[in-house]
């Protein structure tokens, strides 16, 4: 069975960008928005509350793209 692993946690804007990059290399992903889930349930969350998960079997294919993305956002800070 193929399991999901978390590869990124951050703001919705950064998650949207990473999602586009993963789409370009045909890597399926799952976005978990804890902030929105908390809002709908009647409570809030703080910090980096949007997570990106991919299948563990796709990690090798996606790792260069993820590393480049993380470096890109680190350079902006």
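The values are calculated or read from the model by the stated rules, or taken from the named source; none is laboratory data. These numbers come from a predicted model, not from an experiment. Neighbour counts run over all protein chains shown; Cβ positions are idealised from the backbone, glycine included.
Out of the residues in region 20-30 that are surrounded by fewer than 16 Cβ atoms within 10 Å (Cβ to Cβ) and over 12 Å from residue 58 (Cβ atoms), state the one that is nearest to the chain's Cα centre (by Cα).
Of everything passing the filter in region 20-30, 20 is nearest to the chain's Cα centre (by Cα).
Determine, yes or no, whether residue 16 is part of a loop (DSSP other than H, G, I, E, B) and either under 21 Å from residue 74 (Cβ atoms) or modelled with pLDDT of 95 or more (or both).
No.
Within region 25-69, can you find the residues that are part of a helix (DSSP H, G or I) and at pLDDT below 95?
Answer for region 25-69, where residues must be part of a helix (DSSP H, G or I) and at pLDDT below 95: 34, 35, 36, 37, 38, 39, 40, 41.
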